[in-house]
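The values are calculated or read from the model by the stated rules, or taken from the named source; none is laboratory data. This one's a predicted model, so the numbers in the text were calculated from it and none came from an experiment. As a convention, Cβ positions derive from the backbone with ideal geometry for all residues, glycine included, and neighbour counts pool all protein chains shown. Each accessible area value is taken on the protein alone, full model and side chains, heavy atoms only, with ligands, DNA and RNA left out. Shrake-Rupley method; radii C 1.70, N 1.55, O 1.52, S 1.80 Å.
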Amino acid sequence: DQLSHLLAETLLDEEALRVSEKALWLDPMLPFVYADRARIFAMRGAVDRASAAVTSLRGVSKTVHALTSIRLAHWIGIEFDEAAILDAQSALARPAAVYAKVLLATLRQQQPDLEAVDEFEHFYTHTNDTGRARQLFAQLRAELAISRGRPEIALESIQAGVAAGLEDLAWLQRCPLLISLRGHPVYEDAVRRTTERSEAIVSAWREDLD
């Protein structure tokens with residue numbers, strides 16, 4: 001599952017889908033593999049296939065299902081099960097639960113829950129997490145900022161994610177929420193730096209195959 005995740009982040013979609021199919025054949029209870037497949041289909045605009053991958057998560061992990069469904073609903077408008085998300089919130093780590101709470105208000109076309117936004121900001125500012133966790137925090141913060149009409153916070157978050165080692169070139173280049181940032185010097189620099197990092201990873205992976 002780690003290999004398929006790596007391939008998905010570095011824009012090697014077809015390789016990622018082939019590897020993930022084999023992984024699920026060996027073990028059909030790998031939640032992040034379904035999540036990666038859903039994300040690939042969402043970024044391709046294949047709404048039905050993204051929805052199907054999300055549905056497959058229901059019986060595998062209620063927390064990964066909840067976060068993936070609400071995140072992709074935010075990205076491309078897939079249908080989501082609000083009851084399932086609310087049911088999963090108590091099992092989510094607190095930052096993820098707060099993120100889900102903010103997005104639910106957004107998707108209901110309500111005003112953002114400012115208290116929840118402030119709580120998420122507190123987690124972001126005070127977390128001691130590094131590496132992957134820090135990168136994900138930055139990505140989620142950027143997405144929330146876009147939904148609140150705060151592109152400057154989104155750009156700041158992207159910079160922080162890149163500084164923390166962000167390798168997710170697919171998210172930077174294909175996440176529908178980030179389209180409005182294209183052309184901005186901060187965004188373009190982030191893409192350049194992440195592309196260099198991604199190319200180095202892919203090169204190392206191909207050398208291992210040889």
task = For Thr125 and Asp27, calculate 0.36 nm times their separation in residues minus their Cα-Cα distance, and state this gained length in nm to one decimal.
result = 31.6 nm
task = Kindly state, as a whole number, the per residue volume in cubic angstrom of the convex hull around the alpha carbon atoms of the stretch 35-116.
result = 84 Å³
request  = Indicate the helices, whole DSSP H runs only, in the chain that combine a mean Kyte-Doolittle hydropathy of -0.5 or more with a Cα extent along their long axis of 15 angstrom or more.
outcome  = 13-26, 31-43, 62-76, 94-107, 132-147, 151-163
task = Give the Cα extents of the stretch 112-210 along the principal axes, in whole Å, largest first.
result = 52, 31, 18
key: Diffusion constant of the chain at 20 °C, which comes from Stokes-Einstein with the Kirkwood Cα-pair radius and 1.002 mPa s, µm²/s   = 122 µm²/s
query = Gain in length, Arg58 to Glu196, computed as 0.36 nm per residue apart minus the alpha-carbon separation, to one decimal in nm?
reply = 46.1 nm
inquiry  = Taking 0.36 nm per residue of sequence separation and subtracting the Cα-Cα distance, how much length would be gained by fully extending the chain between Gln109 and Val47, in nm to one decimal?
reply    = 20.2 nm
key: For the chain, calculated [θ]222 nm from helices alone, where every DSSP H run of n ≥ 4 adds -39500 (n - 2.57)   = -23500 deg cm²/dmol
inquiry  = What value in Å³ per residue do you get for the convex hull of the alpha-carbon atoms in the stretch 1-67?
reply    = 73 Å³
message = Given a 1.4 angstrom probe, I'd like the percentage of the accessible area of the stretch 85-162 that is carbon and sulfur, rounded to a whole number.
response = 48 percent
remark   = Output for the stretch 125-188: trypsin sites (Lys or Arg not before Pro) sitting in coil per DSSP, at most 14 other Cβ within 10 Å, listed by number, reads Arg182
ask   = GNM, the chain, Cα, under 10 Å: largest mean-square fluctuation among Lys101, Lys22, Lys62?
value = Lys22
query = Put a dot 7 Å past each Cα toward the Cβ at Arg150 and Glu188; how far apart are the dots in nm?
reply = 2.7 nm
key: Solvent-accessible area per residue, Å², over the chain with all protein chains present [probe radius 1.4 Å]   = 50 Å²
